[in-house]
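**Student:** Just dropping this structure here.
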Amino acid sequence: MKSSLIVNTANMAKIYVAIAVLAASAAYASDAPVLTDSSGNPVRDASGACVLTSGIMHPDCTTKKAEPAKPAAPAAPAAPAAPAAPTAPAPAAAAPSSVKQAITIQAEALFDFDKSVLKPAGKQSIDEAVAKMQKVDVEMVIATGHTDSIGTDAYNQKLSERRATTVKEYMVAKGIPAAKITTLGKGETQPVATNKTKEGRAKNRRVDIEFKGVSQK
């Protein structure tokens, strides 16, 4: 009776061992079993892959689940572009200014009494007038001769015209285009002072030079 109990106890121990082995085998069970060596390590081929068999899958050969990729950090918003500086408008070109000037030269400075030939002092006076004209783009020049009341109207008219023409010819010689110069003779018709005195008559004997143009910048 005692020997039967001992045998049964030994058989039960074997059963427990078998169950433990099966439980361990189940822990390594997988969909694709691999071949292991005597040490229990998986057998690999030349490429390093585990060799499949009908046995159990070794844990070193199980496919590890890939960890989910971490979401990329959101890109920082781009800084707004600075507004373009406004372009300053180009300064407008200054409009040319018109110039109009009148110069009066007394006849005594230009001519001898009752003559229409320029004296040296008269030429100097006209040179000063021409110098002023050269600072502008001359459009028009008017030379007007005048006399006092001594003599007939017809004679004084002709004398005033000759003197205006003499002044024009000198200005042309100094570079003023002849086409821009107009001559007039007014005789004794436009006095600027009384003809009853010597001083007044001297003021009336004159040549007026008037020019008009555009100033040069």
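The values are calculated or read from the model by the stated rules, or taken from the named source; none is laboratory data. Here the structure is a predicted model, which means the values were calculated and not measured. Don't worry about glycine lacking a Cβ; one is built from the backbone with ideal geometry, like all the others, and counts go over all protein chains shown. Surface accessibility is based on the protein's heavy atoms, side chains included, excluding ligands, DNA and RNA. Shrake-Rupley method; radii C 1.70, N 1.55, O 1.52, S 1.80 Å.
**Student:** Check VAL99: other-chain or 5+ apart residues with amide H under 5 Å from its amide H, H built from backbone geometry?
**Tutor:** Residues meeting the criterion, in which the H sits 1.01 Å from N, are GLY213, VAL214, SER215.
**Student:** Excluding ligands and nucleic acids, what accessible area in Å² is computed for ASP137 using a 1.4 Å probe, to the nearest 10?
**Tutor:** Its heavy atoms expose roughly 80 Å² to the probe.
**Student:** For the range 107-167, just say rounded, prolate or oblate: build the C-alpha gyration tensor, square-root its eigenvalues into a ≥ b ≥ c, call rounded for a/c under 1.5, and beyond that prolate if a/b exceeds b/c, oblate if not. All intermediate terms of the calculation are to be shown ahead of the outcome.
**Tutor:** Working: a/c = 3.31, a/b = 1.73, b/c = 1.91.
Oblate, because a/c is 1.5 or more while a/b does not exceed b/c.
**Student:** Net charge within 15 Å of LYS100 by Cβ-Cβ distance, Lys/Arg positive one each and Asp/Glu negative one each, not counting LYS100 itself?
**Tutor:** Working: positive: LYS132, LYS135, LYS180, LYS212; negative: ASP137, GLU139, ASP208, GLU210.
Result for the local shell: 0.
**Student:** Now a separate question. As a test of reading the structure, rank LEU184, LEU118 by solvent-accessible area (1.4 Å probe, protein chains only), most first. Before the final figure, lay out each step's value.
**Tutor:** Values: LEU184 70, LEU118 25 Å².
Sorted by accessible area, descending: LEU184, LEU118.
**Student:** Something else: Roughly how many percent of the accessible protein surface of the range 117-217 is carbon and sulfur, given a 1.4 Å probe and a whole-percent answer?
**Tutor:** Values: 2930 of 5470 Å².
With neighbouring chains kept in place, the figure for the range 117-217 is 54 percent.
**Student:** Classify the range 143-208: rounded, prolate or oblate, from the alpha-carbon gyration tensor (a ≥ b ≥ c, eigenvalue square roots; a/c under 1.5 rounded; otherwise prolate if a/b is larger than b/c)?
**Tutor:** Values: a/c = 3.06, a/b = 2.14, b/c = 1.43.
Prolate, since a/c reaches 1.5 and a/b exceeds b/c.
**Student:** Grab the other residues whose beta carbon is less than 10 angstrom from that of LYS115, score K and R as +1, D and E as -1, and report the net.
**Tutor:** Working: positive: LYS119, ARG162, ARG163; negative: ASP112, ASP114.
Overall, the nearby charge balance is +1.
**Student:** Taking amide H positions as placed 1.01 Å from N in the peptide plane, with prolines and chain starts having none, which residues 5 or more places from LEU184, or on another chain, fall under 5 Å of its amide H?
**Tutor:** Under 5 Å from the amide H of LEU184: ALA143, THR144, GLY145.
**Student:** Heads up, I need the accessible area for THR182: 1.4 angstrom probe, whole protein in place, Å², nearest 10.
**Tutor:** About 70 Å², rounded to the nearest 10.
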